[in-house]
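Enquirer: This is the structure, below, for whatever I ask next.
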């Protein structure tokens, strides 16, 4: 076999085939570890940002689904966290439900069905909406019913600077926060930072 390789790829007899030395290998591994140590904190922050963006996108879709349900059915539609008695609560970090409130009693009854459910957010993260508000109700016009407008604040555990928000306007329109002033902290449309303190 060696004879065949020598015929195909002739190697001069005075040439040595070189590989990595132990020192070269150790230097390469050391450099890789140093670069990984520098990049890891940024990578962790990047993963948190992706998770928060995903949660905000899901919540945004749920709000749009609720608004569309009200417009399409011609009846009020509600998004809220439901308790065991199918009544809306202020525990926004729990599972969220969207339903059409046929009899306008602000809770889900036997003759009403849930249109969409969004699972609870990851344990440790927080989701707030307004002060003491337990539901968002859209009218058939697509506007909010009553004083339901406010701002959702999504606050990831131990990474409050990565918090994001969604503003729900009285018109029924929904706006995601963004980093307007490039300081790595999201602001709402009025340039107010999303604060989780």
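The values are calculated or read from the model by the stated rules, or taken from the named source; none is laboratory data. Just so we're clear, the structure is a prediction, and the values are computed from it rather than from any experiment. Every residue, glycine as well, gets a Cβ built from its backbone with ideal geometry; the counts of neighbours run over all protein chains shown.
Enquirer: Scanning for something surrounded by 15 or more Cβ atoms within 10 Å (Cβ to Cβ), under 19 Å from residue 176 (Cα atoms) and touching a helix residue (DSSP H, G or I) at 6+ places or on another chain (Cβ under 8 Å), does segment 90-101 turn up at least one residue?
Expert: Yes, there is a match, as at least one residue in segment 90-101 is surrounded by 15 or more Cβ atoms within 10 Å (Cβ to Cβ), under 19 Å from residue 176 (Cα atoms) and touching a helix residue (DSSP H, G or I) at 6+ places or on another chain (Cβ under 8 Å).
Enquirer: Show the residue pairs meeting these rules: Cβ distance below 8 Å; 6+ apart or different chains; first residue within segment 71-83 and farther than 22 Å from residue 150 by Cα; second residue buried (at least 17 other Cβ atoms within 10 Å of the Cβ).
Expert: That search, which allows pairs on different chains as well, returns 73/100.
Enquirer: Can you pull out the residues in segment 86-116 that are closer than 22 Å to residue 52 by Cβ, in contact (Cβ under 8 Å) with a residue 24 or more places away in the chain, part of a loop (DSSP other than H, G, I, E, B) and touching a strand residue (DSSP E or B) at 6+ places or on another chain (Cβ under 7 Å)?
Expert: 92, 93, 94, 95
Enquirer: Okay, next question. For segment 172-197, how many residues are without any contact (Cβ under 8 Å) to a residue 24 or more places away in the chain, part of a strand (DSSP E or B) and surrounded by 16 or more Cβ atoms within 10 Å (Cβ to Cβ)?
Expert: The number of residues fulfilling the criteria is 2.
Enquirer: Could you list, in sequence order, the residues of segment 145-160 that are farther than 24 Å from residue 67 by Cα and modelled with pLDDT of 85 or more?
Expert: 155, 156, 157, listed by residue number.
Enquirer: Might you let me know whether segment 78-85 holds any residue that is on the phi < 0 side of the Ramachandran plot and in a helix (DSSP H, G or I)?
Expert: Scanning segment 78-85, I find no residue that is on the phi < 0 side of the Ramachandran plot and in a helix (DSSP H, G or I), so the answer is no.
Enquirer: With respect to residue 65, determine if the residue is touching a strand residue (DSSP E or B) at 6+ places or on another chain (Cβ under 8 Å) and either farther than 14 Å from residue 135 by Cβ or not in a loop (DSSP other than H, G, I, E, B) (or both).
Expert: yes
Enquirer: Among (1) at pLDDT 80 or above; (2) over 16 Å from residue 56 (Cβ atoms); (3) touching a helix residue (DSSP H, G or I) at 6+ places or on another chain (Cβ under 8 Å), there is one condition residue 113 misses while meeting the rest; what is its number?
Expert: Looking at each condition in turn, residue 113 falls short on (3).
Enquirer: Another question, then. Restrict the check to segment 161-170 and report whether at least one residue is more than 22 Å from residue 48 (Cα to Cα), surrounded by 14 or more Cβ atoms within 10 Å (Cβ to Cβ) and modelled with pLDDT under 85.
Expert: no
Enquirer: What are the residues in segment 137-153 that are assigned to a strand (DSSP E or B), touching a residue at least 60 places away in the same chain (Cβ under 8 Å) and either more than 13 Å from residue 91 (Cα to Cα) or out of contact with any helix residue (DSSP H, G or I) (no Cβ under 8 Å at 6 or more places or on another chain) (or both), if any?
Expert: 137, 138
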